[in-house]
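The structure appears right after this line, and notes come after that.
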Amino acid sequence: MAKQLQCDVLVIGAGPAGSRAAMRVASEGLDVILVDSKPRIGERPHCGEFVPYQLFSEFTLNKNSIVHRINSLETRIVHNKSELEFKTNSVQSNGFLIDRPKFDRNLAVEAVASGALVMSSSSFAGFTDQGCVLKSVGDEIMVKAKYIIAADGAHSSVRKKLGLFTDDCTVGFQLEAPIVDPSGPSAIVFLDRDFFGGYGWLFPKGATANVGVGLLPSNGLTPAAALSDFTGMLIRTGLIKPGWIARTSGFIPGFGMRFPLIVENILFCGDAAGLAHPITGAGIAQAVFSGDIAGEFVAKAVTTRTSSIINKYQDILLGRYGGVYEHALSKKKVQLESWGNRDFAEVCGQTWISFKGYKKRERNF
């Protein structure tokens, strides 16, 4: 017989969105259960680990996860890979490279300190009339909750169980490689025609760098092969040394917010809500913000016994990201339609975020 638990709020997924949501709800004195399928919360991140400077000023976060300060972003359009010819652009870009496992664990610890019950190795298995079914270290647990916050990633199991779409993802492959010059360029993005709908990156973090590629599935180069070719180019360019000390892969939602963001008593946040930027794939700051707002309004709904309050969550996300993402999606449409049939540098200049052409609005979208 399944173990029975009750709570005010069940949070599924202990990434930045879920842990922040659990902390906000628990800080109001409510009963919160936060679960994550990973044996160790935060392990094996597949993101580039870059966050904007404003994240640590907007929220009170433990800064011990910061490993490197980023002051500028260099964009290189690959013109001739064999001859290592690039068209280069550099802009100011204030931010940090973080230790993502430490960042995530810090947030989970804050949730615990606020009163949340946190369980790793515990995954969502489905719904019944009695509540949510969890599989936890070989046991089955039935959780009856007033509200559910689903922060379980790009391929959200909760969304799938509800029959909602989750296949709008970019594939990301990354390794952590030894860097040649830790005092070199702060961060570099590589735009290459081979990386369909995506890009490559080199983000330094001291003696090593995160090196990765993100691209949409196509009939061309596979992500693993693209990463192999990319690292070979970086070695020949003298930016990294051979070998790696970590290797990860994952999925990033690539086409904007996934509606609906609320289904009855369930709120989606972070990657489960499609909050990664459609062009850059950046999503950590959006995850923290969405988790914070989801936690705030779910707590209000419980304490006031007014379920309609949670609708403000979607309104706030639309107000903050709606226009930005609509513009990004208009650029993505142009990018994908033009990728192989126009001058590639021209396409990049019109659709990549660090170029002036990105600011120009597209028509008929």
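Overview of values
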{"read-out": "Chain lengthening between T222 and S90 when straightened (0.36 nm per residue, less Cα-Cα)", "value": "44.7 nm"}
{"read-out": "Efficiency of FRET from Cβ geometry, E326 and E58, R₀ 25 Å, rounded to 0.05", "value": "0.65"}
{"read-out": "Placed amide H near F127: partners under 5 Å, 5+ positions off or other chain", "value": "V133"}
{"read-out": "Top positive-direction residue, dipole computed over the chain with Cβ charges, set C348, G291, V137", "value": "C348"}
{"read-out": "Formal net charge of residues neighbouring V298 (Cβ-Cβ distance under 14 Å; K, R +1; D, E -1)", "value": "0"}
{"read-out": "Per-peptide average of other Cβ atoms within 10 Å, ordering 270-279, 71-80, 24-33 highest first", "value": "270-279, 24-33, 71-80"}
{"read-out": "Relative packing of peptides 41-51, 84-94, 115-125 - highest average C-beta neighbours within 10 Å first", "value": "41-51, 115-125, 84-94"}
{"read-out": "Label point 7 Å beyond Cα of V180 along Cβ direction - residues of region 220-239 with amide nitrogen under 20 Å", "value": "227-239"}
{"read-out": "Long-range HN-HN contacts of S90 with modeled amide H, under 5 Å", "value": "T75"}
{"read-out": "Global geometry of region 233-365, whether rounded, prolate or oblate, following the gyration tensor of its Cα atoms and the 1.5 cut on a/c", "value": "oblate"}
{"read-out": "Theoretical gain in end-to-end length, D168 to V109 [0.36 nm per residue, Cα-Cα removed]", "value": "18.1 nm"}
{"read-out": "Segments 55-67, 323-335 sorted - mean Cβ within 10 Å per residue, highest first", "value": "323-335, 55-67"}
{"read-out": "For region 3-337, alpha-carbon Rg over 2.2 N^0.38 Å", "value": "1.01"}
{"read-out": "FRET efficiency estimate (nearest 0.05) - Cβ-Cβ, S308 to D129, R0 25 angstrom", "value": "0.55"}
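Throughout, read-outs are computed from the coordinates displayed, never taken from laboratory work. Keep in mind the model is a prediction, meaning the values are calculated, not measured. Glycine also receives a Cβ, built like all others from the backbone with ideal geometry; neighbour counts cover every protein chain displayed.
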